[in-house]
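Peer 1: My structure is below; once you've seen it, I'll send some questions.
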Amino acid sequence: MTPEVQSFDRGADWAAACAERLTGALAEAVAANGRATFAGSGGSTPGPIYRRMAEAPLDWSRIVATLIDERYVPESDDRSNARLLKQTLLTGPASAARFVPLYHPAVTVDRAAALATAALRPEGRLDAVLLGMGEDGHICSIFPGSPTLKTLLSPGLDPAVLGVPAGREGMAPALERLTINLPYLMRAGRVVLALTGARKRAVFEEQAAGDPAMTPIAALVAHEVPLEILWSEGAP
């Protein structure tokens, strides 16, 4: 069954609702455990959400921030998701949060992924996750048709960060990437999938009914990831 999609007429209301759900989950985790971990996405969609999150009256010194995926580029690169997160979320009081990057200047992307897995392991589960989705149905850097797809969608593995090779013959991604795997999302406290535009809504509804072994969105549904889908026709 396709999960409910919560619709918002105004992009500003959509962004505020996404931010409220994510900061609410972080506040609950801090109250229960004294700490919380947030994992965010890159791209053009999350900026308005991050700016609203940064205004939340949280004890940011008790929060760890990381990413669901990252291009294999240093933070100085304009394409870096870490750079986006620091410019939009980790500002003002929210700059007190501790950032754990996925990118490490290792010899290979797979070695960098192993270092990121080791760095994230002590932080435990992800209490709040912001996901986006591409028009090809990818989430994180889990791309349909990728040679890493089966491993990344394997529910029985431990939570980990894995390297993703660049696509061949025009297939995505254009650059090597790092990404968390499905088990990280399965163990998360709350996962918000933030969608905008009619095309992405149609892709989501189509992909949700797909093969969970081969379709990232279907895997979220089949393996009962604590998913909330928030959609608006237009971005703020």
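The values are calculated or read from the model by the stated rules, or taken from the named source; none is laboratory data. These figures come from a predicted structure and were not determined experimentally. Cβ sites come from the backbone with ideal geometry, for glycine too, and all protein chains shown count toward neighbours. SASA here: full protein model, heavy atoms, side chains in, ligands and nucleic acids out. Shrake-Rupley method; radii C 1.70, N 1.55, O 1.52, S 1.80 Å.
Peer 1: What are the residues in the range 121-139 that are touching a strand residue (DSSP E or B) at 6+ places or on another chain (Cβ under 6 Å) and within 12 Å of THR66 (Cβ to Cβ), if any?
Peer 2: GLU123, LEU126, ASP127, ALA128, VAL129, LEU130
Peer 1: Please enumerate the residues belonging to the range 7-44 that are among the polar types (S, T, N, Q), exposed (fewer than 15 other Cβ atoms within 10 Å of the Cβ) and not in a loop (DSSP other than H, G, I, E, B).
Peer 2: If the condition is that a residue be among the polar types (S, T, N, Q), exposed (fewer than 15 other Cβ atoms within 10 Å of the Cβ) and not in a loop (DSSP other than H, G, I, E, B), then SER7, ASN33 are the ones that fit.
Peer 1: Moving on. With the condition being open to solvent by less than 50 Å² (accessible area, probe 1.4 Å), I'd like the strands (runs of 3 or more DSSP E) fully within the range 52-148 carrying at least 3 qualifying residues.
Peer 2: Strands (runs of 3 or more DSSP E) meeting the threshold: 63-67, 128-131.
Peer 1: Which residue, of ASP59, ASP13, is under 22 Å from GLU205 (Cβ atoms) and of a type in the set (D, E, K, R)?
Peer 2: Just one listed residue meets the conditions, ASP13.
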